[in-house]
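Following: one structure in C-alpha coordinates, then a few remarks.
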Amino acid sequence: MDSRARELVKIGDSLFEKKANWDSLCQEIAEHFNPLRADFTSSFSLGTDFATNIMDSFPMLACRTLGDAPGAMLRQGEWFEVKTDDDDVNEDPSAARWMEAATKRFRNLIYDRRANFVRATNEADHDWAAFGNPVLSVEESPTRDHFLFRAWHPKENAWMENAVGKIDHNQRTMMMTARGIMQRRAWAKVAHTSIREASKKDPAKEFKIRHVVLPLDEMYGDDRAKRRQFKDMQFVSLYIDCENEIVLSEGALPVFNYVIPRWRTVAGFPQGFSPATITALPDGRMLQTLARIILEQGEKALDP
(Lines give C-alpha, C1' and ligand atoms only; values in the text may rest on other atoms or scores of the structure.)
Protein backbone atom coordinates (compact mmCIF):
# COMPACT_ATOMS: atom_id res chain seq x y z
CA MET A 1 0.00 0.00 0.00
CA ASP A 2 1.07 3.57 -0.76
CA SER A 3 0.36 6.35 1.76
CA ARG A 4 -0.13 8.84 -1.11
CA ALA A 5 -2.70 6.57 -2.72
CA ARG A 6 -4.46 6.01 0.60
CA GLU A 7 -4.77 9.74 1.29
CA LEU A 8 -5.93 10.64 -2.22
CA VAL A 9 -8.52 7.85 -2.26
CA LYS A 10 -9.78 9.03 1.12
CA ILE A 11 -10.09 12.61 -0.17
CA GLY A 12 -11.87 11.41 -3.29
CA ASP A 13 -14.32 9.25 -1.32
CA SER A 14 -15.21 12.31 0.76
CA LEU A 15 -15.75 14.43 -2.35
CA PHE A 16 -18.04 11.82 -3.94
CA GLU A 17 -19.98 11.48 -0.71
CA LYS A 18 -20.54 15.23 -0.52
CA LYS A 19 -21.88 15.39 -4.09
CA ALA A 20 -24.36 12.53 -3.62
CA ASN A 21 -27.30 14.94 -3.24
CA TRP A 22 -26.29 16.75 -6.44
CA ASP A 23 -26.21 13.39 -8.23
CA SER A 24 -29.74 12.68 -6.97
CA LEU A 25 -30.95 16.02 -8.33
CA CYS A 26 -29.29 15.32 -11.68
CA GLN A 27 -30.92 11.88 -11.73
CA GLU A 28 -34.39 13.40 -11.46
CA ILE A 29 -33.57 16.05 -14.06
CA ALA A 30 -32.30 13.37 -16.43
CA GLU A 31 -35.41 11.24 -15.98
CA HIS A 32 -37.54 14.15 -17.22
CA PHE A 33 -35.28 15.89 -19.72
CA ASN A 34 -32.43 13.60 -20.80
CA PRO A 35 -33.17 9.88 -20.22
CA LEU A 36 -29.92 8.86 -21.92
CA ARG A 37 -28.10 10.31 -18.89
CA ALA A 38 -30.47 8.93 -16.25
CA ASP A 39 -27.82 6.74 -14.63
CA PHE A 40 -26.46 9.06 -11.93
CA THR A 41 -27.83 6.91 -9.11
CA SER A 42 -28.74 3.82 -11.11
CA SER A 43 -27.17 1.81 -13.90
CA PHE A 44 -28.20 0.87 -17.43
CA SER A 45 -28.08 -2.58 -18.96
CA LEU A 46 -28.27 -3.75 -22.53
CA GLY A 47 -31.86 -3.48 -23.74
CA THR A 48 -32.85 -0.76 -21.25
CA ASP A 49 -35.84 1.30 -22.41
CA PHE A 50 -34.57 4.79 -21.68
CA ALA A 51 -38.01 6.41 -21.88
CA THR A 52 -40.07 3.89 -19.90
CA ASN A 53 -41.61 6.49 -17.58
CA ILE A 54 -41.90 9.28 -20.14
CA MET A 55 -45.49 10.06 -21.13
CA ASP A 56 -44.84 13.30 -23.01
CA SER A 57 -41.71 13.94 -25.07
CA PHE A 58 -41.89 17.76 -25.08
CA PRO A 59 -39.43 18.27 -22.15
CA MET A 60 -36.92 15.95 -23.86
CA LEU A 61 -37.24 17.78 -27.18
CA ALA A 62 -36.86 21.17 -25.51
CA CYS A 63 -33.71 20.07 -23.67
CA ARG A 64 -32.25 18.52 -26.82
CA THR A 65 -32.89 21.72 -28.78
CA LEU A 66 -31.11 23.77 -26.12
CA GLY A 67 -28.22 21.28 -26.05
CA ASP A 68 -27.81 21.56 -29.84
CA ALA A 69 -27.75 25.38 -29.71
CA PRO A 70 -24.14 26.03 -28.55
CA GLY A 71 -22.61 24.01 -31.39
CA ALA A 72 -24.98 25.42 -33.99
CA MET A 73 -24.65 29.06 -32.88
CA LEU A 74 -21.09 29.33 -31.54
CA ARG A 75 -18.94 26.78 -33.36
CA GLN A 76 -19.73 27.31 -37.02
CA GLY A 77 -17.15 28.38 -39.59
CA GLU A 78 -14.02 30.16 -38.37
CA TRP A 79 -15.33 30.73 -34.87
CA PHE A 80 -12.01 31.46 -33.13
CA GLU A 81 -8.71 33.25 -33.76
CA VAL A 82 -5.36 33.34 -32.01
CA LYS A 83 -4.96 36.89 -30.66
CA THR A 84 -3.28 38.79 -27.84
CA ASP A 85 -4.70 41.33 -25.41
CA ASP A 86 -2.61 44.09 -26.99
CA ASP A 87 -4.23 45.68 -30.07
CA ASP A 88 -0.89 47.14 -31.19
CA VAL A 89 0.61 43.65 -31.34
CA ASN A 90 -2.43 42.28 -33.15
CA GLU A 91 -2.14 44.99 -35.83
CA ASP A 92 1.59 44.48 -36.39
CA PRO A 93 1.93 42.83 -39.86
CA SER A 94 4.52 40.23 -38.87
CA ALA A 95 2.67 39.30 -35.67
CA ALA A 96 -0.64 39.15 -37.54
CA ARG A 97 0.82 36.70 -40.08
CA TRP A 98 2.15 34.47 -37.31
CA MET A 99 -1.19 34.49 -35.45
CA GLU A 100 -3.07 33.69 -38.66
CA ALA A 101 -0.81 30.71 -39.26
CA ALA A 102 -1.20 29.62 -35.61
CA THR A 103 -5.00 29.85 -35.92
CA LYS A 104 -5.01 27.59 -38.99
CA ARG A 105 -2.65 25.14 -37.33
CA PHE A 106 -4.73 24.94 -34.17
CA ARG A 107 -7.95 24.55 -36.15
CA ASN A 108 -6.42 21.64 -38.05
CA LEU A 109 -5.41 20.02 -34.76
CA ILE A 110 -8.77 20.17 -33.03
CA TYR A 111 -10.78 19.26 -36.14
CA ASP A 112 -8.61 16.27 -36.91
CA ARG A 113 -11.05 13.33 -36.97
CA ARG A 114 -8.89 11.42 -34.55
CA ALA A 115 -9.14 14.25 -31.99
CA ASN A 116 -12.84 13.54 -31.32
CA PHE A 117 -13.53 17.25 -30.74
CA VAL A 118 -16.98 17.46 -32.34
CA ARG A 119 -18.32 14.35 -30.62
CA ALA A 120 -16.94 15.32 -27.20
CA THR A 121 -18.21 18.91 -27.31
CA ASN A 122 -21.63 17.80 -28.55
CA GLU A 123 -21.97 15.44 -25.59
CA ALA A 124 -20.74 18.15 -23.23
CA ASP A 125 -23.23 20.67 -24.65
CA HIS A 126 -26.13 18.42 -23.70
CA ASP A 127 -24.74 17.91 -20.19
CA TRP A 128 -24.40 21.69 -19.92
CA ALA A 129 -28.03 22.23 -20.98
CA ALA A 130 -29.46 19.56 -18.68
CA PHE A 131 -27.21 19.74 -15.61
CA GLY A 132 -25.17 22.93 -16.07
CA ASN A 133 -21.93 21.04 -15.52
CA PRO A 134 -20.20 18.99 -18.23
CA VAL A 135 -16.76 17.44 -17.80
CA LEU A 136 -14.22 17.35 -20.64
CA SER A 137 -10.57 16.37 -20.81
CA VAL A 138 -7.89 17.40 -23.30
CA GLU A 139 -5.12 14.85 -23.69
CA GLU A 140 -2.49 13.66 -26.09
CA SER A 141 -3.25 10.42 -27.89
CA PRO A 142 -1.48 7.19 -26.86
CA THR A 143 0.58 7.53 -30.06
CA ARG A 144 1.40 11.15 -29.13
CA ASP A 145 0.66 12.45 -32.65
CA HIS A 146 -2.70 14.20 -32.13
CA PHE A 147 -5.01 15.73 -29.53
CA LEU A 148 -7.73 13.66 -27.89
CA PHE A 149 -10.88 15.31 -26.52
CA ARG A 150 -13.15 13.27 -24.26
CA ALA A 151 -16.45 13.93 -22.51
CA TRP A 152 -16.96 12.19 -19.18
CA HIS A 153 -20.07 11.46 -17.16
CA PRO A 154 -20.42 14.07 -14.38
CA LYS A 155 -21.26 11.33 -11.87
CA GLU A 156 -17.77 9.84 -12.35
CA ASN A 157 -16.04 13.07 -11.35
CA ALA A 158 -15.64 14.99 -8.10
CA TRP A 159 -13.66 18.21 -7.86
CA MET A 160 -12.54 21.04 -5.59
CA GLU A 161 -12.04 24.77 -6.09
CA ASN A 162 -8.96 26.76 -5.17
CA ALA A 163 -8.81 30.06 -3.29
CA VAL A 164 -10.02 32.06 -6.31
CA GLY A 165 -12.92 29.77 -7.17
CA LYS A 166 -11.22 27.87 -10.01
CA ILE A 167 -11.36 24.08 -10.24
CA ASP A 168 -7.83 22.70 -9.94
CA HIS A 169 -8.36 19.29 -8.32
CA ASN A 170 -10.41 16.56 -9.99
CA GLN A 171 -10.84 12.88 -9.27
CA ARG A 172 -12.42 10.64 -11.91
CA THR A 173 -13.49 7.10 -11.04
CA MET A 174 -13.61 4.38 -13.70
CA MET A 175 -14.02 0.63 -13.77
CA MET A 176 -11.34 -1.17 -15.77
CA THR A 177 -10.97 -4.85 -16.58
CA ALA A 178 -7.94 -6.79 -15.40
CA ARG A 179 -7.05 -7.32 -19.04
CA GLY A 180 -7.18 -3.59 -19.76
CA ILE A 181 -4.97 -2.80 -16.78
CA MET A 182 -2.36 -5.39 -17.69
CA GLN A 183 -2.23 -4.16 -21.30
CA ARG A 184 -0.64 -0.95 -20.03
CA ARG A 185 2.99 -1.87 -19.59
CA ALA A 186 3.78 0.71 -16.92
CA TRP A 187 0.76 -0.39 -14.88
CA ALA A 188 1.47 -4.09 -15.31
CA LYS A 189 4.84 -3.70 -13.58
CA VAL A 190 3.28 -2.46 -10.32
CA ALA A 191 -0.18 -4.07 -10.49
CA HIS A 192 -1.41 -5.94 -7.44
CA THR A 193 -1.29 -9.74 -7.37
CA SER A 194 -5.10 -9.94 -7.47
CA ILE A 195 -5.11 -8.08 -10.79
CA ARG A 196 -2.37 -10.28 -12.21
CA GLU A 197 -4.26 -13.43 -11.26
CA ALA A 198 -7.56 -12.08 -12.57
CA SER A 199 -5.98 -11.22 -15.92
CA LYS A 200 -5.23 -14.94 -16.37
CA LYS A 201 -8.33 -16.54 -14.86
CA ASP A 202 -11.04 -13.88 -15.30
CA PRO A 203 -9.78 -11.09 -17.60
CA ALA A 204 -13.20 -9.38 -17.67
CA LYS A 205 -13.20 -8.81 -13.90
CA GLU A 206 -13.36 -5.09 -13.14
CA PHE A 207 -11.34 -3.04 -10.68
CA LYS A 208 -11.97 0.53 -9.55
CA ILE A 209 -9.32 2.92 -10.84
CA ARG A 210 -9.19 6.62 -10.08
CA HIS A 211 -7.50 9.33 -12.11
CA VAL A 212 -6.42 12.25 -9.93
CA VAL A 213 -5.14 15.60 -11.20
CA LEU A 214 -4.10 18.15 -8.59
CA PRO A 215 -1.60 21.01 -8.17
CA LEU A 216 2.05 20.05 -7.84
CA ASP A 217 2.43 22.21 -4.71
CA GLU A 218 -0.44 20.37 -3.06
CA MET A 219 1.24 17.02 -3.69
CA TYR A 220 4.95 17.78 -3.37
CA GLY A 221 5.15 21.21 -1.75
CA ASP A 222 7.97 20.15 0.60
CA ASP A 223 9.68 17.59 -1.62
CA ARG A 224 12.53 19.42 -3.36
CA ALA A 225 13.64 16.34 -5.30
CA LYS A 226 10.21 15.89 -6.87
CA ARG A 227 9.93 19.60 -7.62
CA ARG A 228 13.25 19.47 -9.47
CA GLN A 229 12.09 16.36 -11.31
CA PHE A 230 8.86 18.07 -12.39
CA LYS A 231 10.50 21.37 -13.24
CA ASP A 232 8.20 23.97 -14.89
CA MET A 233 5.18 21.71 -14.36
CA GLN A 234 2.17 22.90 -12.41
CA PHE A 235 0.05 19.76 -11.93
CA VAL A 236 0.45 16.07 -11.11
CA SER A 237 -1.54 13.27 -12.77
CA LEU A 238 -1.89 9.94 -10.96
CA TYR A 239 -3.75 6.70 -11.71
CA ILE A 240 -4.60 4.82 -8.52
CA ASP A 241 -5.87 1.32 -7.85
CA CYS A 242 -8.47 2.20 -5.20
CA GLU A 243 -9.05 -1.29 -3.84
CA ASN A 244 -5.36 -2.05 -3.27
CA GLU A 245 -4.24 1.57 -2.71
CA ILE A 246 -1.44 1.45 -5.25
CA VAL A 247 -0.24 4.25 -7.54
CA LEU A 248 -0.19 2.64 -10.98
CA SER A 249 1.40 5.61 -12.76
CA GLU A 250 2.39 9.19 -12.09
CA GLY A 251 3.32 12.08 -14.32
CA ALA A 252 3.41 15.86 -14.50
CA LEU A 253 1.21 18.21 -16.51
CA PRO A 254 1.92 21.83 -17.52
CA VAL A 255 -1.79 22.72 -17.24
CA PHE A 256 -4.96 21.36 -15.67
CA ASN A 257 -6.22 19.18 -18.51
CA TYR A 258 -9.83 18.87 -17.34
CA VAL A 259 -12.31 21.42 -18.68
CA ILE A 260 -15.25 21.72 -16.27
CA PRO A 261 -17.49 24.67 -17.21
CA ARG A 262 -20.37 25.56 -14.90
CA TRP A 263 -23.42 27.41 -16.19
CA ARG A 264 -24.70 28.79 -12.88
CA THR A 265 -22.80 28.54 -9.62
CA VAL A 266 -24.18 28.92 -6.11
CA ALA A 267 -21.96 30.06 -3.25
CA GLY A 268 -20.73 27.14 -1.20
CA PHE A 269 -21.15 24.50 -3.92
CA PRO A 270 -18.37 23.49 -6.34
CA GLN A 271 -20.93 21.91 -8.70
CA GLY A 272 -22.83 23.89 -11.30
CA PHE A 273 -26.54 24.03 -12.04
CA SER A 274 -28.67 24.54 -15.14
CA PRO A 275 -31.19 27.35 -14.56
CA ALA A 276 -33.11 26.07 -17.60
CA THR A 277 -33.94 22.64 -16.15
CA ILE A 278 -34.14 23.87 -12.55
CA THR A 279 -36.85 26.32 -13.66
CA ALA A 280 -38.61 23.82 -15.90
CA LEU A 281 -38.47 20.83 -13.52
CA PRO A 282 -41.82 21.56 -11.80
CA ASP A 283 -43.47 21.98 -15.20
CA GLY A 284 -41.85 18.76 -16.40
CA ARG A 285 -43.19 16.83 -13.41
CA MET A 286 -46.68 18.27 -13.91
CA LEU A 287 -46.67 17.60 -17.65
CA GLN A 288 -45.75 13.94 -17.19
CA THR A 289 -48.39 13.55 -14.47
CA LEU A 290 -51.12 15.12 -16.60
CA ALA A 291 -50.13 13.02 -19.61
CA ARG A 292 -50.26 9.87 -17.46
CA ILE A 293 -53.73 10.81 -16.13
CA ILE A 294 -55.07 11.42 -19.64
CA LEU A 295 -53.68 8.10 -20.89
CA GLU A 296 -55.11 6.20 -17.92
CA GLN A 297 -58.52 7.87 -18.35
CA GLY A 298 -58.56 6.90 -22.01
CA GLU A 299 -57.62 3.31 -21.24
CA LYS A 300 -60.32 3.00 -18.56
CA ALA A 301 -62.94 4.58 -20.83
CA LEU A 302 -62.18 2.06 -23.57
CA ASP A 303 -61.73 -0.93 -21.32
CA PRO A 304 -63.39 -0.29 -17.95
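The set of residues from segment 247-267 being of a type in the set (Val, Ile, Thr) and either closer than 13 Å to residue 137 by Cα or open to solvent by 30 Å² or more (accessible area, probe 1.4 Å) (or both) comprises 255, 259, 260, 265, 266. Candidates 268, 251: the one that is in a loop (DSSP other than H, G, I, E, B) and either modelled with pLDDT under 90 or under 19 Å from residue 148 (Cα atoms) (or both) is 268. Residue check: is residue 291 small (Gly, Ala, Ser), open to solvent by less than 20 Å² (accessible area, probe 1.4 Å) and at pLDDT below 90? Yes; evaluated as a whole, the condition is true for this residue.
Among the residues of segment 52-78, those identified as in contact with a Leu (Cβ under 8 Å, 6 or more places away or on another chain) and surrounded by 15 or more Cβ atoms within 10 Å (Cβ to Cβ) are 55, 56, 59. Taken across segment 121-129, residues that are surrounded by fewer than 16 Cβ atoms within 10 Å (Cβ to Cβ) and of a type outside the set (S, T, N, Q) do not occur at all. Restricting attention to segment 166-196 and to residues that are part of a helix (DSSP H, G or I) and out of contact with any helix residue (DSSP H, G or I) (no Cβ under 8 Å at 6 or more places or on another chain), the residue that is farthest from residue 263 (Cα to Cα) turns out to be 193.
Figure legend. Inter-residue proximity from segment 232-257: first residues at positive phi and without any contact (Cβ under 8 Å) to a residue 24 or more places away in the chain, second residues loosely packed, with under 15 Cβ neighbours inside 10 Å and part of a loop (DSSP other than H, G, I, E, B), beta-carbon distance below 9 Å, spacing 6+ or different chains. Indicated pairs: 232/254. When the residues of segment 144-159 are filtered to those that are open to solvent by 20 Å² or more (accessible area, probe 1.4 Å) and not hydrophobic (A, V, I, L, M, F, W, C), the one that is nearest to residue 214 (Cα to Cα) is 156. Is it true that residue 137 is touching a Phe, Trp or Tyr at 6+ places or on another chain (Cβ under 9 Å), among the hydroxyl-bearing types (Ser, Thr, Tyr) and surrounded by 18 or more Cβ atoms within 10 Å (Cβ to Cβ)? The answer is yes for residue 137. Scanning segment 1-51 for residues that are part of a helix (DSSP H, G or I), polar (S, T, N, Q) and open to solvent by 30 Å² or more (accessible area, probe 1.4 Å) yields a count of 4.
The residues in segment 67-102 that are of a type in the set (Ser, Thr, Tyr) and touching a residue at least 24 places away in the same chain (Cβ under 8 Å) can be counted, and the count is 0.
Residue-wise test of (1) free of Cβ contacts under 8 Å to residues at least 24 places away in the same chain; (2) over 21 Å from the mean Cα position of the chain (by Cα).
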{"position": "22", "(1), (2)": "no, no"}
{"position": "27", "(1), (2)": "yes, no"}
{"position": "48", "(1), (2)": "yes, yes"}
{"position": "58", "(1), (2)": "no, yes"}
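On the basis of being in contact with a Cys (Cβ under 9 Å, 6 or more places away or on another chain) and within 30 Å of residue 282 (Cβ to Cβ), does residue 40 make the cut? Against the criterion (in contact with a Cys (Cβ under 9 Å, 6 or more places away or on another chain) and within 30 Å of residue 282 (Cβ to Cβ)), residue 40 qualifies. Under the condition of being crowded, with 17+ Cβ neighbours inside 10 Å and either under 19 Å from residue 2 (Cβ atoms) or in contact (Cβ under 8 Å) with a residue 40 or more places away in the chain (or both), the residues counted in segment 183-214 number 11.
The values are calculated or read from the model by the stated rules, or taken from the named source; none is laboratory data. As the structure is a computational prediction, the values presented were derived from the model and not from experiment. Glycine gets a Cβ as well: all are built from the backbone with ideal geometry, and neighbour counts include every protein chain shown. Areas reflect the complete protein model, heavy atoms only, side chains present, ligands, DNA and RNA absent. Shrake-Rupley method; radii C 1.70, N 1.55, O 1.52, S 1.80 Å.
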